[in-house]
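Structure first, commentary second.
The values are calculated or read from the model by the stated rules, or taken from the named source; none is laboratory data. For clarity, every value in this text was computed on a predicted model and none was experimentally measured. Backbone-built Cβ (ideal geometry, glycine too); neighbour counts: all protein chains shown.
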Amino acid sequence: MSDNRKRQILRGPAVPGGKLFWALMGGAALYTTCVLYIDAHGFPTRKLVEADAVMVTGAIMGLLLVFRTNSAYDRWWEARKLWGQLVNDIRNICIKAKSQSDLTTAEHDELAPLLTAFPYALKDHLRGLPRDSRHVSALNLNRLEAKHTPLNISKRISEIIFAWKNSGKIDGSDLVRFDPHMRSLMDTCGACERIQQSPIAGAFKALIWFGLIAYMLVLPWLLVPVVDKWALVLALVAALFVLGIELLAEEIEQPFGTGSNDLPLDTICATIAESVRIVLESPAVTDHAQTIETG
């Protein structure tokens, strides 16, 4: 486990939204306090609303947030399954390459750095890092190839395996066994790009935020006549959940970032590199991984 991952586990899950969350919570507390003051000094003492109004508005807001959270989590979970499949496909390529008795250590060493580099390159690609990143430099890709690094690494992997077929190192049935895993590399890349480039509609998110703000503005006026000073506690509890859920949904709807609630892509990449090193027993993997981490 990497040092960064250990520190993240020790810190525990981060509050969604960070400073924005606490700023909104502070605003909710101040606003509710003002409502309490106005109610005590400027409003008649009789109840202006019934308690049922609180339940109705809460139920409406809850339905909106459930749909919002499910949409965001579906994107996060789909991305996690895609990266889990990537781990399996690269491991299977390694196992099948290792099982071919005609392949030499040199041929394993040619394939291993590419399999190690693919997840790192895909991670950088999804995060929008520069094309001349250290992963590109480690593989000596030219400028044209660096425009879509995962695509060209996958192309090189396919070229190596087809070269084995053409040279008689593997036969047609072996190639058929490699093929699903080779194709899956770009299937995974394309599916991740679809998630990244198809965000949830901005109009829908704007509507959710409009509903949240309206709910938090109206809620104290509904609570104060019913529960008096306890309205401050109840309003903050409500704000904790509705704001926390919405801010968390905003974080996980784009799961490829570097936040504590995003996918642990660095850890997954390191897991793949270790699997390639163990299966293919290739020192080239260790050298390449060190170049990436210190590059």
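A few comments on the model shown:
Every residue, every condition in (1) under 20 Å from L64 (Cα atoms); (2) in a helix (DSSP H, G or I); (3) modelled with pLDDT under 90, yes or no:
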position	(1), (2), (3)
V226	no, yes, yes
A235	yes, yes, yes
V242	yes, yes, yes
L248	yes, yes, yes
T258	no, no, yes
I272	no, yes, no
I278	no, yes, no
A284	no, yes, yes
D287	no, yes, yes
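- So L115, is it crowded, with 21+ Cβ neighbours inside 10 Å, more than 15 Å from I161 (Cβ to Cβ) and of a type outside the set (V, I, T): no
- Qualifying residues in the range 176-233 (those that are more than 14 Å from C34 (Cα to Cα) and aromatic (F, W, Y)) - the one surrounded by the most Cβ atoms within 10 Å (Cβ to Cβ): F178
- Residue check for S173: out of contact with any strand residue (DSSP E or B) (no Cβ under 7 Å at 6 or more places or on another chain) and either closer than 17 Å to A121 by Cα or outside any helix (DSSP H, G or I) (or both): no
- Any hit, the range 208-221, residues being within 24 Å of the chain's Cα centre (by Cα) and either touching a residue at least 24 places away in the same chain (Cβ under 8 Å) or outside any helix (DSSP H, G or I) (or both): yes
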